[in-house]
Structures are given as structure tokens and as C-alpha cells.
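The block underneath contains the structure these notes are about, expressed in C-alpha cells.
The values are calculated or read from the model by the stated rules, or taken from the named source; none is laboratory data. Here the structure is a predicted model, which means the values were calculated and not measured. Here the Cβ positions follow ideal geometry from the backbone for every residue, glycine too, while neighbour counts run over all protein chains shown.
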Amino acid sequence: MPTKTAKPDYRAAADAVVARYGRDPDFLISMLQDLQSEQEHVPPEAMKRLAEVLDVPLSRIYSVATFYTTFSLTPRGKHLITLCVGTVCYLKGAKAVAEAIQGRLKIEPGGTTEDRLFTFQPVNCLGACALAPVLMIDEKYYGKVTPAQVPEILAEYGAKEKP
Amino acid sequence: MIVATERLLNSPADLARLREEAAARGKPTGTVMSLCRGGGCEVKGSGRLFAALQGAAEELRAGGKDVQLKRIGCHGFCEIGPILVIHPGNILYRNVQEADVPEIVRETILGGRAVARLLYADPDTGKSLATSQEIPFYRRQMRFVLRYNGFIDPTSIEDYIAMGGYAALAKALTEMTPEQIIREVELSGLRGRGGGGFPTGRKWRTCREAHGDVRYVICNGDEGDPGAFMDRSVMEDVPHSVIEGMIIGAFAIGSRQGFIYVRNEYPLAVVRLRQAIEDARRYGLLGEDILGSGFSFDIRINRGGGAFVCGESTALMASLEGKPGEPRAKYIHTVEVGLHGKPTTLNNVETWANVPYIITNGAKAFASVGTEGSKGTKVFSLVGKIANTGLVEVPMGMSLREIVCDIGGGVPGGRKLKAVQTGGPSGGCIPESLLDTPVDFDALTKLGSMMGSGGLIVMDEDTCMVGVARYFLDFLVKESCGKCTACREGVAQALHVLTRICAGKGQPGDVELLLELCDLLEVAALCGLGNTACNPIRSTIHYFRNEYDEHILERHCPAHECRGLFKFQIIAEKCKGCGLCRKECPEKIITGERKQAHVIEAVKCTRCGKCYEVCPFSAVAKV
């Protein structure tokens, strides 16, 4: 998470990903994915720069960046909470876990907490059905999660006491 | 010393020599501990366990003991992970924890005895079973695609080669013509494992005969069906089998460039495939002049962007071109006009992984397994309310009951099995009474479901079937790309009606309205996502109409799942009068003396369920 006060140079970041893939708009999704992981979002300045360098309309870049759920146009929180809401997790109570997270952090699916500590992202399936319901924070998995465990798990990442 | 740019293998003879060497090197001399690092075991902490075992192995080696630790791919039996297999004896330990390591070292590695408490116990007889061959979960399976799973290190190309990998490629390039390969695949009866079940050989032939000199092959690794993770395991655990299948296919079709489109949620699959491709290039199995045959082919990996619709062939191709994943009408087939307008063959991961088996063993061997119209095996992910969650590969034609009850161990906790869902959001629910249906593309379609990519989700009596239909429609609304009106509006309307029914606000005629929407979606939607959206609705209405009626007419959910459509009641015999529910009830409408049975005042109850959650004696029942 960049904590610098100076604003990062997003145009330069865009140039760097273009250099990596060549000026081929076929690689637009890969370029945006790199921007997303390096900058933790797809900054509008970078999209404008990509349009210039790749010589494609900005609307096309915007349409791609907003079509796929992996891209976010605003910075995500420090920790990404991924909750599986696939069929098996649904059957085994993922909905109640989602409600517990949303209630505890006061956020909606896809939203980021005010202190920018957490972003909550429900996904379709993590493919770890043996441990349903599955919750993932950053790279760490939590299996067979119950709503009661949620506050404890979130506290590991510095979630403040109940607001 | 080999220069990095130099290829290691220049001919099939080189490959055969390497296989012998690798097989000899791989032959264990002392003790080998093989730990599963597949997705399921990884989540259960096999990473930490690996580190602990590594430490133990180093110590043992320092003491002069010949001990090796090996990382292997998914065994399939995720329920009992992390799984550790120890050679000699092939002793299988289940649910192994870091704390078990000292005992395993002392007893098994040094003492040569099995640790009884870590063995798998047969659920019927209670007898401890030492090896995987004895465990019922494995005994009834037949493994073509997963044949190397549990035996090889997924990151080692030499492990794959030692087991016979890339022999099919060498055979195809030197002993067969493209025509012969296509003929062999046609004769095998292989059908697309992604769901549709289109004959693979026919697809390849049409593509080969299509106009133009540039052709593409694509591997569809955008496994989006929730509850299905077979393709993930194949990509992560035997990545070379997919690559080998693609090279053979490319040679048969006449393509020089391939793509693997991997789902964004599978980062490990990307890492494993990327490494496998680099290794294959280094060994001369990908790139220019493969094995000195004059044939050149390479593969690129693209990561998806988290869009379910990209599993649809034309949407996937749009995504590969760097565009939003919106499908197009398919009056012109992609085998003629596909990626960049060129003839393109797109097959699913499991389909590609079947190809080396067919080439090595012949179409006849493959076709000898299965039913009239569905040949070979199918990998399923067996999940939901089932005892043995995991990946299974069974011959086509096995009954759903055998898979769910005999291999899967049935529904746990003494609950009754209600339905099995196949085919993901495009599939349907098959009721318990029809479980003797064989697994076969056509038989499942006839029941109003479909094979799909292979998710088998088991549901018990606590699952509301209207809720299941609502769940899938909710999924599809979020994933509909919005290009065609029928899907964008139709799916949304169907969800609206289903939500209303689940909320107890259903109206007479709602079921007919849903069926009407299904008819519309089936004919008017642009792609498979919209066309098959009717399957979850139709199948649940067809087999579980009573549940719909009970929701609508009696405002009651028979599975006690739809909040507000069932009541809570305290069972006097079970209630110990602890007072917890009385304390927690937000409406303060539970009464009763200490150590006496409590009572809920039914009229004032908001049915929030708090009492049900907190009762330590399960004395609160849903009625």
C-alpha cells in the first residue's frame, strides 16, 4: 500500500506496462491487470495514457476496465477480503458470513471501509469446496467459517472494536 | 553443461532416453514422503506441514537416513487432507497436522510401523486402511485424466516424462499424419468436457478444412461453474497433459499458435502452467521444430478478468482480443471464423488432457469405456452435503447413486438426500428418485439438466429448491453481459419472481409466469448463458413443484430455509430451561422459569432465529 504523500506518476506506470507488452491492444486486459496489481486500482490517468499510446478510443479502455470484476477504478483497501459465495458455500451458510462481515465493517459487497483497511469482495467460487464456507483475506484461507468467527478473524488484520 | 538457449531434446529418441534416465533417477532408494499440495490440502495447511516435514527430513538425512520429501499434486480426496503418503508401503495418512510429524518420524520412518490413528478408517467396518487402493473412495474410480495425480510433482517436467508423458506427442509427430490423428479422435468418441458435449474429432476436422492458412487452438480454462474445480486441479497438478494435448491438436489442425485462457481466481494454475510452458520450450517440446519434426507451435497464457460469461466460446475469444467478453451470434461457427476472424478450435481443459491418453492407448481402448454416446471417463467435483468431498474420475455410465453414495459416502449427519445438481448455473436439479440415471451427456440432458463441466452438488432435505433456483438466477443476473435484451431483462424478471416467492409474497400464476420466461430465454437469448438459464428454474419446478406451491399458497418453506416462512418452537422435552434464549430474544417474548421448559409466544415472534442459534441443547426447532 503506497503511503507516500506525493501522488504516484500513473502516466509513467501506464508507459511501463505498454513497454512490457508492446503497443498491441490485444494485450489490453493483461496491461490493465498489471496496473491493477501494481497500483491497487486502475487509475483514470493511466487509462487516458493507454488510449494515447495504444491509439484506441478511451471509451474502449473504459468499457474493458468496467466490464471485468477484477478491475477497480478506485483504490482498494489494505486487505482484500474475498468471500466465496459459490453454490456449496451458499448451501453451507456463506450468506450469514457475508452478513456478519458487512455488519461488522459497515460495508456493502465490493465496498471499501472508510479507514481504507478492508475491501470486501464476494466471488463466485474459489474451488475449495471441501472447506465451505471459505473466506480468504489477502492470501490466507479460512475454512468452515461461521458468522461468530468473523470479528475474531477481522481483528487479526487490525479491525477496530465494534464501531 | 547445457546452455540455456539450447534445446534439450531434438528427436523422439532423445525423449525416450530422457524418460529412461528420469525413471531411473526417480526410483526411490530409501523413504519417500509425498505430501499433497493441491488446492484443498493447501487450504488445510499443507504449506506449513511441508516446512515441518522438510526440517524433519533434513535432520534425518544428517543422521545418515535416506529420506526424501516430495511435493505432489491433488489426490482428490480433499475431505481428508492434508494427505501424506509414505513409501515404502504406500501408507496413506489423513488430516496430518504439524504436531504429528515427530510421531510419524519416530514410528513410521525410523520404526517402520504405521501410526494407526492417522490411517483412514472404513466408515462401514471401522477397519483402518493403510493404502489408497483399499479406500472405497478410490477403489471405484477409473482414472485417465487424473492418472498421474498423486504420483508426480506438478512442477517437474521430468516426473511427467518419466511416467510416459509426451510419448503421445512423439508418436503423433513421427508415426501419424494429421488425418490419422483426427480419425483416431473421431473414433474414440471423445466429446467436449466443458459442458456441451460436442464431438471433438468433428470440431477438429471442420477447423482443419476451414478456409485460410492461420489457425488457432485455445484451451478454455475459465472454469466458472461454482462448485466445480476439476479443471483447476488438472491445470495445477498435471499441466503438461494439457499442453501435450494442445500440441497434438495443433499439429492435427495445422495451427502454430495456441492460447490458454485461465480464470482469474486460479493464480496457482497460472504459475504452474507458465512454468510448464517454459520447461516444455526448454526441452524442445514447444517452439520451433518440435522434437526435430519440422512442426512449430507455441502457447500463450491469458488470465481472465472474473467474468463467468467468458467461458462461452465467442466471449472468450473477444476477451483474448482485449475486448469486453461479450458473445456474438454463432450462425458462423468459430471453427471457421473465430479468434481474429481465423478458424479456431476451442476445447476445455479436461478435453485436451484426454488427448494424450487416446493417442498413446488408441481410440479403441478409450471407446471401450463408457456408454453408447458418451465414451471414456468424466472427472467430477463431488461437493455439497456429502461425506467425502473431493475430485473423482469415473467411467461414463456409472449411476449418479454410485458416485454420490458409494464413492461420496452419502449425506452426512443422518440427513436425507434430496437432489443432485449438475451443470452449474446452466444445469438442473435431479431428484433422489432418479439417481439411478447413468452419467451420460444425453441421459442428463433428457432429465432437464446437463453434464456441464462436472460439478456434482449434493443437496439434502434442508435445502430449499426454490432458494436454489433463486441462487442460480441471482448468479446469472450478475454475470449476464447485458448485450441481448432477452437475457438482460428475462433473467432479471425471473429473479424478481423467485425472490418474491422466497419472501412469501408469491402470487398464484407465478410458476406459469416463470415457465413462460423460460420459453422466451431458450429461444431468444444470444448465447448459452441466457439459453440455459431456464434449466435451474424448469428442473426445480418439474421435480419440486410442491415446494413452489407451498411457498406461494401456504407461505411456508418446507426446507425451513426461507426466512419468515417457517416458525420456531421450543421442544419441551429437550429444553433444560437455561434461559439463554430468553436473554437473547430481541423481542423478549420467550418465557419460562429457570430449569423449566420455555415457550415462544408465536404471535409476536418476528422469526429472527436468534433463539435457534444460541440454544446449546438444540431444543429450538424449525417448523
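Worth pointing out:
- When region A:68-83 is limited to residues that are of a type in the set (A, V, I, L, M) and in a strand (DSSP E or B), the one that is farthest from the other protein chains (Cβ to nearest Cβ) turns out to be A:Ile81.
- Test: B:Asn95 is within 14 Å of chain A (Cβ to nearest Cβ), touching a helix residue (DSSP H, G or I) at 6+ places or on another chain (Cβ under 7 Å) and surrounded by fewer than 18 Cβ atoms within 10 Å (Cβ to Cβ): yes
- So B:Thr485, is it at pLDDT 95 or above and more than 14 Å from chain A (Cβ to nearest Cβ): yes
- Positions within region B:418-461 being more than 18 Å from B:Val379 (Cβ to Cβ), within 14 Å of chain A (Cβ to nearest Cβ) and assigned to a strand (DSSP E or B), in sequence order: B:Lys418, B:Ala419, B:Gly428, B:Cys429, B:Met459, B:Asp460
- Strands (runs of 3 or more DSSP E) contained entirely in region B:4-123, each with at least 1 residues that are modelled with pLDDT under 95 and in contact with an Asp or Glu (Cβ under 6 Å, 6 or more places away or on another chain): B:67-72
- Any hit, region B:66-88, residues being more than 14 Å from chain A (Cβ to nearest Cβ) and without any contact (Cβ under 8 Å) to a residue 24 or more places away in the chain: no
- Residues within region B:284-295 that are within 17 Å of B:Thr155 (Cα to Cα) and assigned to a helix (DSSP H, G or I), tallied: 0
- Of all residues making up region B:164-191, the number that are touching a residue at least 40 places away in the same chain (Cβ under 8 Å), surrounded by fewer than 24 Cβ atoms within 10 Å (Cβ to Cβ) and assigned to a loop (DSSP other than H, G, I, E, B): 3
- When region B:242-261 is filtered for residues that are of a type in the set (D, E, K, R) and surrounded by 24 or more Cβ atoms within 10 Å (Cβ to Cβ), only B:Glu244 remains.
- Some residue of region A:37-44 being within 14 Å of chain B (Cβ to nearest Cβ) and either in contact with a Cys (Cβ under 8 Å, 6 or more places away or on another chain) or in a helix (DSSP H, G or I) (or both): yes
- Hits in region B:321-338 (condition: within 10 Å of chain A (Cβ to nearest Cβ) and surrounded by 24 or more Cβ atoms within 10 Å (Cβ to Cβ)): B:Gly325
- Test set (1) among the aliphatic types (A, V, I, L, M); (2) surrounded by fewer than 21 Cβ atoms within 10 Å (Cβ to Cβ); (3) part of a strand (DSSP E or B) - B:Val379 fails condition number: (2)
- When region B:10-65 is filtered for residues that are of a type in the set (D, E, K, R), within 22 Å of B:Tyr160 (Cα to Cα) and within 14 Å of another protein chain (Cβ to nearest Cβ), the ones remaining, listed by number, are B:Arg37, B:Glu42.
- Every residue from region A:91-112 that is in contact (Cβ under 8 Å) with a residue 12 or more places away in the chain and in a helix (DSSP H, G or I): A:Leu91, A:Ala94, A:Ala96, A:Val97, A:Ala98, A:Glu99, A:Ala100, A:Ile101, A:Gln102, A:Arg104, A:Leu105
- Checklist (1) within 12 Å of another protein chain (Cβ to nearest Cβ); (2) more than 17 Å from the chain's Cα centre (by Cα); (3) buried (at least 21 other Cβ atoms within 10 Å of the Cβ) applied to B:Thr389, failing item: (2)
- Residue check, A:Ala12 in contact with a helix residue (DSSP H, G or I) (Cβ under 9 Å, 6 or more places away or on another chain), in a helix (DSSP H, G or I), buried (at least 16 other Cβ atoms within 10 Å of the Cβ) and of a type outside the set (Val, Ile, Thr): no
- Residue in region A:15-30 that is farthest from the other protein chains (Cβ to nearest Cβ), counting only those that are within 19 Å of A:His41 (Cβ to Cβ) and of a type in the set (D, E, K, R): A:Asp15
- Reported count of residues in region B:209-233, each being part of a helix (DSSP H, G or I) and over 20 Å from B:Thr314 (Cβ atoms), is 4.
- Restricting region A:117-141 to residues that are of a type outside the set (A, V, I, L, M) and surrounded by fewer than 19 Cβ atoms within 10 Å (Cβ to Cβ), the residue that is nearest to B:Gly45 (Cα to Cα): A:Lys140
- Scan of region B:248-278 for residues that are more than 25 Å from B:Arg205 (Cβ to Cβ), within 11 Å of another protein chain (Cβ to nearest Cβ), in contact (Cβ under 8 Å) with a residue 24 or more places away in the chain and not hydrophobic (A, V, I, L, M, F, W, C), ordered by number: B:Arg263, B:Asn264, B:Glu265, B:Tyr266
- Residues that are away from chain B (no Cβ under 11 Å) and under 20 Å from B:Gly306 (Cβ atoms) within region A:111-135 comprise A:Gly111, A:Thr112, A:Phe118, A:Thr119, A:Phe120, A:Pro133, listed in sequence order.
- Across region B:470-482, the number of residues qualifying as away from chain A (no Cβ under 11 Å) and of a type outside the set (A, V, I, L, M) comes to 1.
- Looking across region B:588-607, the residues that are surrounded by 14 or more Cβ atoms within 10 Å (Cβ to Cβ), in contact with a Lys or Arg (Cβ under 8 Å, 6 or more places away or on another chain) and in a loop (DSSP other than H, G, I, E, B) come down to B:Ile589, B:Gly592, B:His598, B:Cys605, B:Arg607.
- Condition check for B:Gly245: closer than 21 Å to B:Arg208 by Cβ and either part of a helix (DSSP H, G or I) or in the same structural domain as B:Lys330 (by TED's automatic domain parsing) (or both): yes
- All positions within region B:299-348 that are part of a helix (DSSP H, G or I) and either in the same structural domain as B:Cys481 (by TED's automatic domain parsing) or aliphatic (A, V, I, L, M) (or both): B:Val309, B:Ala315, B:Leu316, B:Met317, B:Ala318, B:Leu320, B:Leu339
- Any hit, region B:491-507, residues being modelled with pLDDT of 95 or more, of a type in the set (S, T, N, Q) and closer than 26 Å to B:Ile386 by Cβ: no
- The numbered conditions (1) in a loop (DSSP other than H, G, I, E, B); (2) away from chain A (no Cβ under 14 Å) are all true for B:Arg281 except (1).
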